[in-house]
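A.B. asks: Please read through the structure below; I'll follow up with questions.
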Amino acid sequence: LPSWGHEARLRLIWIRLKRYQRREALKVLWEELAAFEKGGHNVTRVYFWISMVTLCTAKAPDAEDFNTFVQRTSSQCLRNPDLIDKYYSLKVLESDAAREAFAVPDIKNLPNVVPE
């Protein structure tokens, strides 16, 4: 999805999280994003954005559409594609390990995500 842009990725994640139970949404998203992103797929980046959208969705569960959701105060942070830089250094994010499997943030812990 690099050619689609940041908002398109967030929209896809939000739609899948709304359509499916969290576990099923994760499965579908992993498959779709890996197919779309091909060689640019980074497991850590995908996990980060799924986690952040999940957290913001829990704070604004009544948003009926993506545009409403992303305009909510609790979701404003998502609009910043550099948000991930507050949690990860480029060294970790761009490593082969982070591309292939989830890497633990090296700058700041991820916020707690409400479980299913």
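A.B. asks: Residues of segment 79-93 being surrounded by 14 or more Cβ atoms within 10 Å (Cβ to Cβ) and under 22 Å from Trp14 (Cα atoms), which ones?
C.D. replies: Leu83, Ile84, Tyr87
A.B. asks: Out of the helices (runs of 4 or more DSSP H) lying entirely within segment 57-115, which hold 1 or more residues that are more than 21 Å from Leu26 (Cα to Cα), of a type outside the set (Phe, Trp, Tyr) and in contact with a strand residue (DSSP E or B) (Cβ under 8 Å, 6 or more places away or on another chain)?
C.D. replies: none
A.B. asks: Condition first: among the small types (Gly, Ala, Ser) and open to solvent by 80 Å² or more (accessible area, probe 1.4 Å). Now tell me which residues in segment 1-27 satisfy that.
C.D. replies: Ser3, the sole residue that qualifies.
A.B. asks: Could you run through segment 35-56 and say how many residues are within 13 Å of the chain's Cα centre (by Cα) and either farther than 26 Å from Leu90 by Cβ or in a helix (DSSP H, G or I) (or both)?
C.D. replies: 14
A.B. asks: Considering only residues that are of a type in the set (S, T, N, Q) and without any contact (Cβ under 8 Å) to a residue 40 or more places away in the chain, look in segment 28-68 and name the one that is surrounded by the fewest Cβ atoms within 10 Å (Cβ to Cβ).
C.D. replies: Among residues in segment 28-68 that are of a type in the set (S, T, N, Q) and without any contact (Cβ under 8 Å) to a residue 40 or more places away in the chain, the one surrounded by the fewest Cβ atoms within 10 Å (Cβ to Cβ) is Asn67.
The values are calculated or read from the model by the stated rules, or taken from the named source; none is laboratory data. Model, not experiment: these values are computed from the prediction. Neighbour counts are summed over all protein chains in view; Cβ atoms, including those assigned to glycine, are modelled from backbone coordinates with ideal geometry. Side chains included, ligands, DNA and RNA excluded: accessible areas come from the protein's heavy atoms. Shrake-Rupley method; radii C 1.70, N 1.55, O 1.52, S 1.80 Å.
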